[in-house]
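Here is the structure we will look at, set down as structure tokens.
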Amino acid sequence: MTEHIAQTTTETSEPLNFHFDNKFVRELPADPVTDNHRRQVMEACYSCVTPRQFKAPELVAFSREMAEELDLSEADCQSAQFTRVFSGNEVMPDMAPHAQCYGGHQFGNWAGQLGDGRAINLGEVINKNGKRWCLQLKGSGETPYSRMADGLAVMRSSIREFLCSEAMYHLGIPTTRALSIVATGESVTRDMFYDGRPKNEPGAVVCRVAPSFLRLGSYEIFTSRGDIETLRKLVDYTLETDFPHLGAPGKETYLNWFREICERTADMVVDWMRVGFVHGVFNTDNTSVLGLTIDYGPYGWVDDYDPNWTPNTTDATGRRYRFGAQPQIAQWNLLQMANAIYPLIDDAEALRDILNDYVTVYTDKWQQMRADKLGLAEFKPEDEELNQELNRVMQFTETDMTLFYRHLADVSVKDIDADEDTLLAPLMVAFYAPESLNRTDKTEFVAWIRRYLQRVKDDGVDDKTRKAKMNRVNPKFVLRNYLSQLAIDKAEQGDYSLVNELLEVMRRPYDEQPQYHEYAAKRPDWARNKPGCSMLSCSS
Ligand code: AMP
Ligand code: MG
């Protein structure tokens, strides 16, 4: 275990130096009202707001990769100004703080105007390579879109968002990023399980970073109001800014854009399915138009493999956003996007064809992902059965998804005819109740392993090559729910060491990192039904 130096801040460093270019605010229609009461905002993409001032902000952690991308040095991140700027206490002269207007379908129903209720975009930075990054504070106070809520965020959900954004990035999964997390020094009242027992919790602000925070709901809102003019402005802006390779706006370009949104969404969801990530609230306002994982709320990581699992207690009855349903939900969300842009295209059949193609596009990508996870060169039609049988045996034997795939790479083709215990030995670590596996369980599991090894043998790949290949797609370390909870429990006591240590571990999720072996352990028994570990709500 490595020692971590507490985050200290200094006053002596050079002032932060960013090159802002606030294109969104400059080119898109603004809400003419500038005071901060809650309201319906019409014919505008955003409202100007000012972040709230906090009493005693303190830096919890920062991501060095994200800092580097923004041309910030470690000293910059440790400066007192950094904490002031990324808590919202200091607004730099070239910033243009604003909250965006968007709507969305929540749990299958149109919810009307939502918007940045507790997020404030500071502006867009162009880095030294000419890349545009939007900086956004989450938990920095009320906006016109705050509806009934306070615009704040608690430490527990901020740590979860901060760590998971960076963990996903290092896993190679498209995601919004996180630069920093700052404790506000103020408390926030939350009724975590909506059971009438509100508690005061420490507050925090995360600085999120992305090329754009536009969501499917950013377009839906204008169509729902019949405001096609603003819709067109936003679509054309998006094409020019984030999809310049598609060319000038027009019917064909709009259709190609929609095709690309479908493709990027498919890539993202295939990645979620690969690592066992469950978004938890995959509403259209939480679906990025760039195909980035966005809005880390009651998300979770599958421990024992179960396609019906959802971490979100708010969704416990319908389980709309359960692990195995994510590919279908993505298509449902894309259908809402098709409806949103239809007025610009006026060709339902063309949009329907693209949506139908999503199924083929997704299936092709998913099959390749399954083949990669199993260390096979390609997914053959007969592999469907191999795959289904695996899902079945993993469920009745309560098998940890991450550990299983990581250790499947250790099962050797030369053992194909060995006895059951030899074949199962590398995988025992993945079972939640190894002592209660009976003979039949073991026999069925081993039958699958033999079948799998036969398939590997037919492929003609040697064990070593297969293992190297599998370990590149099957992570050893994922941000298991109980790990975040351990870091949260400490942080709520003012000790940020585990937040920083997990950030470090998750930088190299596919490497063995033997010094961090304990963080690859399956969920301990105490975490099975603990709030924060297996149960989360939208209250954050
Ligand atoms: P979410 O489910 O977190 O994506 O949030 C849905 C909507 O509720 C978004 O418009 C958020 O900005 C808003 N929201 C969530 N939490 C808060 C809060 N504490 N204060 C204000 N708005 C919030
Ligand atoms: Mg959201």
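Just a few scattered comments:
- Which listed residue, of Ala210, Ala153, is of a type in the set (A, V, I, L, M), under 17 Å from Val60 (Cα atoms) and in contact (Cβ under 8 Å) with a residue 24 or more places away in the chain: Ala153
- Candidates in segment 123-150 are the residues that are touching a residue at least 40 places away in the same chain (Cβ under 8 Å) and of a type in the set (A, V, I, L, M, F, W, C); of these, the one that is nearest to ligand 1 (Cβ to nearest atom) is Leu137.
- A single entry from Arg319, Arg370, Arg352 fulfils the requirement of being surrounded by 16 or more Cβ atoms within 10 Å (Cβ to Cβ) and without any contact (Cβ under 8 Å) to a residue 40 or more places away in the chain: Arg370.
- Members of segment 91-113 found to be closer than 18 Å to Gly141 by Cα, out of contact with any helix residue (DSSP H, G or I) (no Cβ under 7 Å at 6 or more places or on another chain) and not in a strand (DSSP E or B), listed by number: Val91, Met95, Pro97
- Residue match in segment 519-534 (condition: without any contact (Cβ under 8 Å) to a residue 12 or more places away in the chain, among the hydrophobic types (A, V, I, L, M, F, W, C), part of a loop (DSSP other than H, G, I, E, B) and within 22 Å of Ala425 (Cβ to Cβ)): yes
- Selection status of Asp463, under 21 Å from Ala371 (Cβ atoms), in contact with a Leu (Cβ under 7 Å, 6 or more places away or on another chain) and of a type in the set (D, E, K, R): no
- Residue within segment 255-262 that is under 14 Å from Val235 (Cβ atoms) and within 16 Å of ligand 1 (Cβ to nearest atom) present: no
- Residues in segment 281-294 that are in contact (Cβ under 8 Å) with a residue 60 or more places away in the chain, within 11 Å of ligand 2 (Cβ to nearest atom) and part of a loop (DSSP other than H, G, I, E, B): Val281, Asn283, Ile294.
- Residue satisfying all of: in segment 295-330; in a loop (DSSP other than H, G, I, E, B), of a type in the set (S, T, N, Q) and closer than 28 Å to Val429 by Cα; farthest from ligand 1 (Cβ to nearest atom) among these: Asn308
- Residue tally, condition closer than 20 Å to Phe277 by Cβ, outside any strand (DSSP E or B) and within 13 Å of ligand 2 (Cβ to nearest atom), over segment 134-165: 2
- Residue match in segment 437-452 (condition: at positive phi and either touching a residue at least 24 places away in the same chain (Cβ under 8 Å) or open to solvent by 10 Å² or more (accessible area, probe 1.4 Å) (or both)): no
- Residue check for Gly297: at pLDDT 95 or above, open to solvent by less than 10 Å² (accessible area, probe 1.4 Å) and closer than 30 Å to Ala520 by Cα: no
- For segment 322-335, taking the residues that are among the hydrophobic types (A, V, I, L, M, F, W, C) and surrounded by fewer than 19 Cβ atoms within 10 Å (Cβ to Cβ), the one that is nearest to ligand 2 (Cβ to nearest atom) is identified as Trp332.
- Which listed residue is part of a helix (DSSP H, G or I) and more than 18 Å from Pro426 (Cβ to Cβ), from Asp511, Asp458, Asp495: Asp458
- Residue satisfying all of: in segment 270-280; under 13 Å from Met168 (Cβ atoms) and assigned to a helix (DSSP H, G or I); nearest to ligand 1 (Cβ to nearest atom) among these: Trp272
Every residue, every condition in (1) open to solvent by less than 40 Å² (accessible area, probe 1.4 Å); (2) among the β-branched types (Val, Ile, Thr); (3) modelled with pLDDT of 95 or more, yes or no:
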position: Met1; (1), (2), (3): no, no, no
position: Phe20; (1), (2), (3): yes, no, yes
position: Glu27; (1), (2), (3): no, no, yes
position: Ala30; (1), (2), (3): no, no, yes
position: Thr34; (1), (2), (3): no, yes, no
position: Pro57; (1), (2), (3): yes, no, yes
position: Ser73; (1), (2), (3): no, no, yes
position: Cys77; (1), (2), (3): yes, no, yes
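The values are calculated or read from the model by the stated rules, or taken from the named source; none is laboratory data. This structure is a prediction, so every number in the text was calculated from the model and none was measured. All Cβ positions, even for glycine, are placed from backbone atoms using ideal geometry, and neighbour counts span all protein chains on display. Ligands, DNA and RNA are excluded from the accessible area calculation, which covers all protein heavy atoms including side chains. Shrake-Rupley method; radii C 1.70, N 1.55, O 1.52, S 1.80 Å.
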